[in-house]
Amino acid sequence: MEPRANPTTVRGRYAPSPTGTLHLGNLRTALLAWLYARAAGGAFVLRLEDLDLPRMRPGAAARMLEDLRWLGLDWDEGPDIGGPLGPYVQSQRAALYDATLGRLWANGLLYPCYCTRAELARLASAPQGPGDEGPPYPGTCRRLSPRERAAREAAGRRPALRFRAPRTPITFVDGVAGPVTERVVNAVGDFVVRRSDGVIAYQLAVVVDDALMGITQVVRGADLLGSTARQLALYDALGYPRPTEYAHVPLALDAGGERLAKREAAAGLDALRARSLSASKVTGALAASCGLWPPAVPATPRALLATFDPAHLRAEPSHIAV
Ligand code: GLU
C-alpha cells in the first residue's frame, strides 16, 4: 500500500494546471484554499496538474509558484520543496495512476470505450445534462462482446477507459453550496478515466492524488462542484476514505460580468505589478471581492487569517476590482 498521511490532521491543497498565467480568480481560489487550511491549523499542499501536456505552457508552473509566493502564500509540501507524499507533479505520478486503473479493472469497474467524439455528438440527441459535460454517456460500449472489441481494435481504434458509474446516489455537503445529491449514472453516466490518447483523466488523477496525499479538505473553484460526485464514486470504489470537507468557492467575473478565462493575461499579476500595485493591495482586493475584508484596505494573508470565517464568504460569483 502506498504511504498515506495521518488522517486526523487537516490537509488542504491547491492544484493548479500550468496552462497559462494565474488570473485573479485563480489567485482568489488559492488564497481561500490557504485560509481554509491554515484557519483549521492544517497543512497546505501544492500540486501541479500537468497531465494534459499539449495544453501546458513552458515556464507557467514556475511562474505560478512565484505568483503565489508573491501574494504571501506558503505551503508545507509541493513541487519545489518536496515532501513525504510526493512527487507533487502529476506527470511524475504515472505509475500510481496505472496501478489504480489496474485495481479498478481487476474489480470489473472499467471497460474500453471505442466511441469517437463525432459518434458521441451524434448520439447526443437528448437535452444536455448539468454543466458543460454534454449528455450522459449512453453506455454504447458497456456490453461489447470480445469479438466486437477485437473488431474495433482491428480497425485501429484506440479505446478510452470508462468507469461504471454507481446507481446509488452520491451525497455530500459542500461548505458553500450546501447539501448535494447526485446520481452519477444519470448526470454523466459511465465516465472516462483514461482518454483514448492514453492521458489519465482529471477525475481519476485528482482522486488518486488527493487520497494518497492524505487531503482531507478540498477547496477549489465552483466550476468543479459538478465533478465532486464522480470523484466520490471513485473514492468509494477504491476504498479510500472521502475528504471530510469540500468547499467550492465562487468564480471571478470580469468587469462585464463574464467568467474570467485563464488565458486573459491582462488579469494576471504582471499587469498589476506594472501598475506598481503591492501584494497587500492585491490580497486585500481578493478578500474584499468575496466579502471577507473591507474594500480598498491592503491585507496580508496572515492578517486575513486572524478574522477568517468561511461563514462570511459571499457565495455569488463576483468581479475582483483592483
Ligand atoms: N487543476 C484544476 C484546475 O486548475 C483544479 C483541480 C482541483 O482543484 O481539483 O482547474
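The values are calculated or read from the model by the stated rules, or taken from the named source; none is laboratory data. All figures in this text were calculated on a predicted structure; none of them were measured in a lab. Cβ placement follows ideal geometry from the backbone for every residue including glycine, while neighbour counts extend to all protein chains displayed. Please note that ligands, DNA and RNA were not included when accessible areas were found on the heavy atoms of the full protein model with its side chains. Shrake-Rupley method; radii C 1.70, N 1.55, O 1.52, S 1.80 Å.
Quick notes on this one:
- Cβ-Cβ contacts under 9 Å between residues 6 or more apart (or on different chains), taken from a first residue in region 181-201 that is closer than 11 Å to R164 by Cα to a second residue that is surrounded by fewer than 20 Cβ atoms within 10 Å (Cβ to Cβ) and of a type in the set (K, R), are listed as V184/R167; V185/R167; D190/R142.
- With respect to being more than 12 Å from the ligand (Cβ to nearest atom), more than 19 Å from A30 (Cβ to Cβ) and open to solvent by less than 10 Å² (accessible area, probe 1.4 Å), A274 falls outside the description.
- Within region 160-172, one or more residues are within 15 Å of the ligand (Cβ to nearest atom), modelled with pLDDT of 95 or more and over 26 Å from D50 (Cα atoms).
- Residue in region 10-18 that is farther than 28 Å from G198 by Cβ, of a type in the set (K, R) and not in a helix (DSSP H, G or I) present: yes
- Residue within region 258-276 that is within 19 Å of R69 (Cα to Cα) and at pLDDT 95 or above present: no
- Residue match in region 23-38 (condition: hydroxyl-bearing (S, T, Y), within 12 Å of the ligand (Cβ to nearest atom) and crowded, with 23+ Cβ neighbours inside 10 Å): yes
- All positions within region 20-32 that are in contact (Cβ under 8 Å) with a residue 60 or more places away in the chain and touching a Leu at 6+ places or on another chain (Cβ under 9 Å): T21, L22, H23, L24, G25, N26, L27, R28, T29, L31, L32
- G257 falls short on exactly one of the conditions (1) touching a residue at least 40 places away in the same chain (Cβ under 8 Å); (2) on the phi < 0 side of the Ramachandran plot, and that condition is (2).
Table: residues versus (1) within 11 Å of the chain's Cα centre (by Cα); (2) open to solvent by less than 10 Å² (accessible area, probe 1.4 Å); (3) within 12 Å of the ligand (Cβ to nearest atom).
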| residue | (1), (2), (3) |
| --- | --- |
| R183 | no, no, no |
| V193 | no, yes, no |
| S196 | no, no, no |
| V199 | no, no, no |
| Y202 | yes, no, yes |
| A205 | yes, yes, yes |
| T216 | no, no, no |
| A222 | yes, no, yes |
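- Pairs, first closer than 13 Å to D197 by Cα and part of a strand (DSSP E or B) in region 153-168, second open to solvent by 60 Å² or more (accessible area, probe 1.4 Å) and hydrophobic (A, V, I, L, M, F, W, C), C-beta under 9 Å, six or more apart: L161/W105
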